[in-house]
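Structure first, then comments.
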Amino acid sequence: VIHIPHSKPTLGMAIEGGANTRQPIPRVINVQPGGSAFESGHLQVGHLILEVNRLTLIGMNHSEAAKTIAEAFKNKERDGMELLVTETGAEVKGALESCEVFSIDL
């Protein structure tokens with residue numbers, strides 16, 4: 001778990017992937033110097049983001065995942081945001097195989 005405080009006005013990271021892409025789990029592709037993600041000192045290019053503030057990104061398409069991350073960072077009711085990340089997909093594959101897939105219509 002990586003805590004990213006609101007230390008800067010911008011998050012300063014870019015992701016690729018989502019359920020509607022060839023990279024089904026959002027992956028960090030850029031951490032910009034001067035942003036809160038960089039200042040945290042822990043987020044790295046290549047990290048797969050599994051959860052944001054305990055909300056799973058697995059199954060979200062790219063735009064939903066990006067919006068969820070952005071909204072979590074903008075939430076001023078918290079002192080920052082938490083990302084559950086992994087460095088490789090091996091752990092994710094095992095976790096996905098053991099999960100029951102379901103959908104909720106809102």
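The values are calculated or read from the model by the stated rules, or taken from the named source; none is laboratory data. From a predicted model like this one, the values you see are computed outputs, not experimental measurements. Quick reminder, even Gly has a Cβ in these numbers, built from the backbone with ideal geometry, and neighbours come from all protein chains shown. SASA here: full protein model, heavy atoms, side chains in, ligands and nucleic acids out. Shrake-Rupley method; radii C 1.70, N 1.55, O 1.52, S 1.80 Å.
Local charge for N53 was computed over the other residues whose Cβ lies under 9 Å away, with Lys and Arg +1 and Asp and Glu -1, and equals 0. Evaluated at q = 0.15, 0.20, 0.25 Å⁻¹, the base-10 log of the normalised Debye intensity for the range 1-95, with identical point scatterers placed on the Cα atoms, takes the values -0.51, -0.91, -1.42. M81 contributes an accessible area of around 0 Å² to the protein surface, as traced by a 1.4 Å probe with all chains present. Ranking R27, R78 by solvent-accessible area of protein heavy atoms (1.4 Å probe, all protein chains present), from largest to smallest, gives R78, R27. The heavy atoms of L11 present about 20 square angstrom of accessible area, all protein chains included, probe 1.4 Å.
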